[in-house]
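Here the structure comes first, spelled out in structure tokens, and everything after it is commentary.
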Ligand code: IPE
Ligand code: IPE
Ligand code: MG
């Protein structure tokens, strides 16, 4: 029965395969990114309708700056457009937005648009939508360690007080439960520096579908696969 199906609380997605999707069609890579941006909007609504409470997507990694300038610019422009135009839709759909990653490296107008969108949606009670931009899990951990060290230096905490909870809370995802399901589209089977700490016990799902082609059906398949898994967290199932 449909209502027997467990819906993961938090789904994270490595949206991969945009460039190859475009190449296959004789289009520039940026056309794949544009189509991929449309997929994000669709899947956010689908996830919400399925009852997923948190959706986190990997939009731009700390390593993606090494791509050609023109591609980086096109990706930043897509993100800029999203941040500047999605407020009305978020308000209507009660979506709460948070951007993960080091925002200080982004253009000022993009930083401002992000801050505005985060602020304006902070009291929304619907799905939490996290977008990782200039995000690298190792970089996130370094920034968390620096913040905690600063508190030690100020004498606010003792090193002995540092525990897993404190580290979890100082990550960009602080306050958001760890992902239950991590999906990577596009055929590669690797994590590429995404949510390393947070996915310690996530179920992993890899599919060959390129991100621009990813549909609600594909998301449901991933959730079905998740339902077939037995999560043991290192223990035994009684
Ligand atoms: C994912 O698609 C989007 C980003 C990494 C920004 P890619 O651009 O990596 O597409 P492929 O992997 O080259 O096909
Ligand atoms: C991971 O995809 C980053 C994003 C989806 C934003 P990449 O295409 O950058 O990862 P690699 O290079 O295949 O590991
Ligand atoms: Mg890729």
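The values are calculated or read from the model by the stated rules, or taken from the named source; none is laboratory data. Remember, it's a predicted structure, so these values are computed and weren't measured experimentally. As a convention, Cβ positions derive from the backbone with ideal geometry for all residues, glycine included, and neighbour counts pool all protein chains shown.
Observations on the structure shown:
- Residue list for the stretch 60-70, restricted to those being more than 9 Å from ligand 2 (Cβ to nearest atom) and buried (at least 16 other Cβ atoms within 10 Å of the Cβ): 62
- Qualifying residues in the stretch 32-59 (those that are assigned to a loop (DSSP other than H, G, I, E, B) and surrounded by fewer than 21 Cβ atoms within 10 Å (Cβ to Cβ)) - the one nearest to the chain's Cα centre (by Cα): 53
- Scan of the stretch 17-35 for residues that are near ligand 1 (Cβ under 9 Å from one of its atoms) and touching a helix residue (DSSP H, G or I) at 6+ places or on another chain (Cβ under 6 Å), ordered by number: 17, 18, 19, 21, 22, 29, 32, 33
- Check on residue 59, closer than 17 Å to residue 129 by Cα and within 14 Å of ligand 3 (Cβ to nearest atom): yes
- Residues in the stretch 81-125 that are more than 19 Å from residue 62 (Cβ to Cβ) and not in a helix (DSSP H, G or I): 86, 94, 95, 96, 97, 122, 123, 124, 125.
- Test: residue in the stretch 156-166 that is within 23 Å of residue 47 (Cα to Cα) and either at pLDDT 95 or above or within 27 Å of the chain's Cα centre (by Cα) (or both): no
- Residue that is within 16 Å of ligand 3 (Cβ to nearest atom) and touching a residue at least 60 places away in the same chain (Cβ under 8 Å), where the choices are 101, 19, 32: 32
- Of everything in the stretch 1-16 that is in a loop (DSSP other than H, G, I, E, B) and within 16 Å of ligand 3 (Cβ to nearest atom), the residue that is surrounded by the most Cβ atoms within 10 Å (Cβ to Cβ) is 15.
- With respect to the conditions (1) modelled with pLDDT of 95 or more; (2) assigned to a loop (DSSP other than H, G, I, E, B); (3) farther than 15 Å from residue 42 by Cβ, residue 231 lacks only one, and its number is (1).
- Residue in the stretch 219-229 that is over 17 Å from the mean Cα position of the chain (by Cα), surrounded by fewer than 15 Cβ atoms within 10 Å (Cβ to Cβ), within 16 Å of ligand 3 (Cβ to nearest atom) and closer than 30 Å to residue 22 by Cα present: no
- Members of the stretch 177-197 found to be more than 14 Å from ligand 1 (Cβ to nearest atom) and in contact with a strand residue (DSSP E or B) (Cβ under 8 Å, 6 or more places away or on another chain), listed by number: 177, 178, 179, 180, 181, 182, 195
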